[in-house]
Amino acid sequence: MKPQMEAIIYTDGGSRGNPGEAGIGIVIKDVEGNILKEISQYIGIQTNNVAEYKALSRGLEIALDIGITKVKCKLDSELVTKQIKGEYKVKNERMIPMYNMVMPLINKFEEFHIEHIRREYNKEADALANKAMDEK
């Protein structure tokens, strides 16, 4: 039996203009709070919500790549959090493919939790998303 790997993923996506120049920021930490991986990536012209979904999806892909089996995702997008939890329906046509991109990734984890956090608790991922937009 392979060991359980647990991680906390902080993600943030931002857009200047909405739609506009967009970036994602991801911080993956182990349960002790040590940083396993940080990503800052420019993603072109996107809406804020698309950027939030892309950040989550990329974070999940990376976690799977490094062998994480249990994950807690923390993001400051209430919309994305509630859509993933099934509390909000995904009605916007542009969001449906984003949602459909994330759900199969979620199903690959033994345990998955997602939680909405206030922006001030997501400063590291936010800074990485802004850095991506600055450096594009």
| note | With only helices counted (DSSP H, runs n ≥ 4, each -39500 (n - 2.57)), the per-residue ellipticity at 222 nm for the chain, to the nearest 500, works out to -12000 deg cm²/dmol
| request: For region 1-57, run through the GluC sites (Glu not before Pro) and keep only the ones in DSSP coil with at most 14 other Cβ atoms within 10 Å of their Cβ. | output: E32
| What is the Cα radius of gyration of region 18-88 over 2.2 N^0.38 Å, N being its residue count? | 1.15
| message | Which residues among region 101-136 fall inside the zone where the amide N is under 14 Å from a point 7 Å beyond the Cα of K85, along Cα→Cβ? | response | 113-118
| request: Within region 44-121, list the trypsin sites (Lys or Arg not before Pro) lying in a DSSP loop whose Cβ has at most 15 other Cβ atoms in a 10 Å radius. | output: K89, K91, R94, K108, R118
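All other residues with a Cβ under 13 Å from the Cβ of K74 taken together, and with Lys, Arg as +1 and Asp, Glu as -1, what is their net charge?
-3
What dipole magnitude, in Debye to the nearest 20, does the chain give about its Cα centre under +1 on Lys/Arg Cβ and -1 on Asp/Glu Cβ?
Result for the chain is approximately 320 debye, rounded to the nearest 20.
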| field | the chain, accessible area per residue, ligands and nucleic acids excluded (1.4 Å, Å²) | value | 54
| task | Give, in nm to one decimal, the length gained when the segment between E124 and I106 is fully stretched (0.36 nm per residue of separation minus the Cα-Cα distance). | result | 4.2 nm
| Past the 22 Å Cα-Cα mark, which pairs from K37/K74; K89/K123; K54/K131; K85/K108; K70/K131? | K89/K123; K70/K131
| message | With a 1.4 Å probe and all protein chains left in place, how much of the accessible area of the chain comes from carbon and sulfur atoms, in whole percent? | response | 46
| remark: Here the Kirkwood hydrodynamic radius of the chain, Cα-based and in Å, equals 14.6
| task | Please state the charge dipole magnitude for region 8-87, taken about the Cα centre, from unit charges on C-beta atoms (+1 on K and R, -1 on D and E), reported in debye and rounded to the nearest 20. | result | 120
| Overall Cα dimensions of region 73-133, principal axis frame, Å, largest first | 29, 28, 20
| Cα-centred dipole magnitude for region 57-133, charges only on beta-carbon of K, R (+1) and D, E (-1), debye, nearest 20 | 180
| message | Please give me, ordered by residue number, the GluC sites (Glu not before Pro) of region 75-136 that lie in loop per DSSP and have at most 12 other Cβ atoms within 10 Å. | response | E87, E93, E110
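The values are calculated or read from the model by the stated rules, or taken from the named source; none is laboratory data. This is a predicted model, so every value here is computed, not measured. With ideal geometry, Cβ positions are generated from the backbone for all residues, glycine too; neighbour counts draw on all protein chains shown. Please note that ligands, DNA and RNA were not included when accessible areas were found on the heavy atoms of the full protein model with its side chains. Shrake-Rupley method; radii C 1.70, N 1.55, O 1.52, S 1.80 Å.
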